[in-house]
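Chemist: Got a structure for you, questions after.
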Amino acid sequence: MGNKLGSTFPETGDGLYDLIDAFYQGAYSFGKSAGAATYGDNGYFNSIMGKEITAAMFACDNVFTAIGARAYQHEGVRLATEQASYGLVTSGDALDSGNLDVGDFGGLGAGTIQDGSVPASVKMPVTEFREPYKDLPFAFDYGLGLQALENKDDTIAYRDYIDKMSTNYSNLADQTLLRPVYMKQPVKGGVETSLNSISRCISSYGEIGKVENGVTLTGDYVSPYGGFTSAKGDFYSFRNSAASNLDGQLIDAASGALSIADMRKLWRQCSVNWKDSASPNNKMFAMSNVAQDKLGALMLANNVYLDSVYVQRDFNGVKTIPGRDAGILLQSFQNVPIIQDGNMNFDFTTKKVSTTKMGEIDLLDLDHIWLSMLTPLEMYNVNNPAITRILQEVNVMNMRAETRIDSCIQHGKIVNLADDS
């Protein structure tokens, strides 16, 4: 056949499905989940909805792509709860009696003599955590009277109206991702709805019992993916028992003012756990404009300016051509770029971005937290009054996604910062 592709599958609908299945199983070795297509105490979602792999990029007035999108292949994310072994002596180790007690540090090769038997085997304690997808609808209406008057009177153009609604959808997703941890996760029918916030995903056991904005935090608040129905949340037993490697790094300002020491402490606690040591690549600080202005003033008071870094954009992981970079110049701290977003200090009472609230400050490793999409954003609409019984066009924009995390200890946040006077 030379360089031409051929197929022995019959030219039928069933034959096409067989070809696609063979392609995925052979060329890419993708698998479908063996579990039932349910979510609850026993079961998993079907891991691939159709044969599509999709990605998305959010853009609105307040943020550019702070969270990358990854192809979503399975509902269970495998997390290592701790390292495999630190050489601690167990009851099964062949050690001289009275030399080392159980729990003492033995080290590599402890108890093994020349030509002797090796100690008990070790394994990486990996657990699969369920991170279910969410349906994310955004419903809105458009008057048929306005549509009839389009281009005939001073009415907004239909396409402009849809564009504004799309921007609202994007901004609502941004607000949801950046909402503070003390805001309740919506529950309906015993199942959590709405995206999990980043603050909740990178939360920790250390926040339990603290009072934030008048709310006393419990294990439910800091446990994503089913925290408010604790029996169904895989994170609950880890975040509600004791400090673990599934906790994020926490700096509690205790209602005090932001300090450079807090920023350095946050960076130190997170960077020691980064895979590439203290590399700033694909890391970011997320903070409000009030916090960034405050940090700049603190640096200036110490005769040190905030650094600046040139951040290069990429498209689905493909970098632009050298010399023709499509990037942006950002302020940075410890060479980690700072992304400011009004939704970090959004006042949900006045429905405006606050000019005094600090909000929390997050340090994120974007290799290990992302927005996972199962289906791209789609819009459904109907404008038939015989169906809707109203003289309006009824619209719904919807996608399926969830905020996902596959490692916790390299992220952190500064919470309970005093408002700026």
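Since every read-out is calculated from the coordinates, none of them should be taken as a lab result. All values reported here derive from a predicted model rather than from experimental measurement. Neighbour counts run over all protein chains shown; Cβ positions are idealised from the backbone, glycine included.
Chemist: List every residue whose amide H lies under 5 Å from the amide H of VAL353, counting only residues 5 or more places away in sequence or on a different chain, with H placed 1.01 Å from N in the peptide plane.
Modeler: ASP347
Chemist: Using only the Cα atoms of segment 351-395, build the gyration tensor, take square roots of its eigenvalues as a ≥ b ≥ c, and label the shape rounded, prolate or oblate: rounded if a/c is under 1.5, else prolate if a/b is larger than b/c, else oblate.
Modeler: The shape class here is oblate.
Chemist: Right, here's the next one. If you filter segment 344-421 for GluC sites (Glu not before Pro), then keep DSSP loop positions with at most 13 other Cβ within 10 Å, what is left?
Modeler: none
Chemist: Moving to a separate point now. Considering only Cα-Cα distances, which of the following residue pairs are longer than 27 Å: LYS134/LYS413; LYS184/LYS294; LYS164/LYS413; LYS184/LYS210; LYS164/LYS188; LYS188/LYS413?
Modeler: Pairs exceeding 27 Å: LYS184/LYS294; LYS164/LYS413; LYS164/LYS188; LYS188/LYS413.
Chemist: Segment 339-421: percent of C-alpha pairs farther apart than 17 Å?
Modeler: 69
Chemist: How compact is segment 212-281 by the rule of thumb for globular proteins, expressed as Cα Rg over 2.2 N^0.38 Å?
Modeler: So segment 212-281 has a normalised radius of gyration of 1.36.
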